[in-house]
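The values are calculated or read from the model by the stated rules, or taken from the named source; none is laboratory data. The shown structure was predicted, so the numbers you read here are calculated from the model rather than taken from an experiment. Glycine gets a Cβ as well: all are built from the backbone with ideal geometry, and neighbour counts include every protein chain shown. Areas reflect the complete protein model, heavy atoms only, side chains present, ligands, DNA and RNA absent. Shrake-Rupley method; radii C 1.70, N 1.55, O 1.52, S 1.80 Å.
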Amino acid sequence: MENHTAKHFVLQLGSLVSLYLSISFLLVLLFGVITLSFPDPAEGYYIAESAASSVRLGIAMVIVFFPTYLILTRIVNKIRRSEGTTAYLGLTKWLIYLSLLIGGIVLLGDLVAVIMAFLEGELTQRFLLKAFAVLLVVGAAFHYYLLDAKGYWLTREDKSIFYAIGMSLVVIVSIIYGFTSIDTPTSVREQKLDQAQLFDLQDIQYQIEDYIVRTNTLPEKLSDLEKTGIGLSSAPEGREAYSYEKTEQGFRLCATFAKASEPGDFSSPMFVDETALIKNNSNWTHGAGRYCFERVVNLERPALPK
């Protein structure tokens, strides 16, 4: 009997843990999708990026834990039906009531968070949709286990299956809509390569600036920087090589990008320092394709001694 109690308790606990994770990350997924579907001009670029990351995390977690929850719950209910209501042991019943308590707290807490966001200026559409998502997801789980604590589903297996199918459809539609709201994995990889190239170009610019400080002249070509003993960054595999060219006002650095930079991201210029050696050294805004960053070297800046 003790072994059976332990087995039943562990299965019920695993089912509820999977449920908590499924609910939490389904809401993360839905909130991210809602944020992306109703962009707010008052928000910066990072909000959209954060929402897209939330959607990816939500999809991954729900794909793993929701089927786990369905399988474990099916096993638990099958045991209970085969052995009668006496199989619904005291410890597992405590877990059910605990889940109802946690579900109620989560429901109220999420509603408070949604209302707070609305009071802090979130769009009305977002507020209404997020509130509805909380009520639908948490409310459905709360309703299911409220009836489950009374043994309702033990004699109504067909209705239990219908309930599971309904929630599965909600999850599947949410996942599909999540995929349509974010960039494809290939596009995300290309964007990461774009960011890696910007870091490389920033490093090359720093080496050029250091070269100017030491020699009071601009390098004729990038290979001149290699003579300093510092490794020179190269373009990722599959991308065109970086290029450098002296100009009348300074120099230009060129690279090939898959996507144009977004307004407000880290590549946007902070300011132009007229006293700096390179006046516009922080402007990394770029278009798609081959793009050159024109740099203005402060020729009137007093030369440093060699």
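Measuring nothing but protein heavy atoms, the accessible surface of region 50-174 at 1.4 Å probe radius is 75 percent carbon and sulfur. By the rule of a C-alpha distance below 12 Å, with chain neighbours fewer than 8 residues away ignored, the aspartates and glutamates paired with Lys279 are Glu209, Glu294, Glu300.
Dipole magnitude for the chain: computed about the Cα centre from +1 point charges on Lys and Arg Cβ and -1 point charges on Asp and Glu Cβ, it is near 1380 debye.
The residues of the chain have, on average, 56 Å² of accessible surface per residue, using a 1.4 Å probe with all protein chains present. Mind telling me which of Phe293, Phe162, Phe257 comes out most flexible in a GNM of the chain, alpha-carbon contacts under 10 Å? Ranking Phe293, Phe162, Phe257 by mean-square fluctuation puts Phe162 first.
Listed by chain and number, the aspartates and glutamates whose alpha-carbon sits under 19 Å from that of Lys130, ignoring those within fewer than 8 places in the same chain, are Asp40, Glu43, Glu49, Asp110, Glu120, Glu122. Distance from the C-alpha centroid of region 163-201 to that of region 231-246: 29 Å, rounded to the whole angstrom.
Angle of helix 124-148 to the longest C-alpha principal axis of the chain, folded into 0 to 90 degrees and rounded to 10: 30°. Between region 274-294 and region 35-82, the alpha-carbon centres lie 40 Å apart. Distances between every pair of Cα atoms in the chain, grouped in 20 Å steps from 0 to the bin holding the largest one, split as 26, 35, 25, 13, 1 percent.
Just so you know, the Rg over Rh for region 1-81 is 1.24, from Cα atoms, with Rh as the Kirkwood radius. The trypsin sites (Lys or Arg not before Pro) of region 146-229 that DSSP puts in a loop, and whose beta carbon has at most 11 other beta carbons within 10 Å, are Lys150, Lys221, Lys227.
When the charge dipole of the chain is built from unit charges on Cβ atoms (+1 for Lys and Arg, -1 for Asp and Glu) and taken about the Cα centre, the candidate among Leu36, Ala113, Gln202 whose Cα reaches farthest toward its positive end is Ala113. If amide H atoms are built 1.01 Å from N in the plane of the peptide, which residues on other chains or at least 5 residues away come under 5 Å of the amide H of Gly250? HN-HN under 5 Å from Gly250: Val297.
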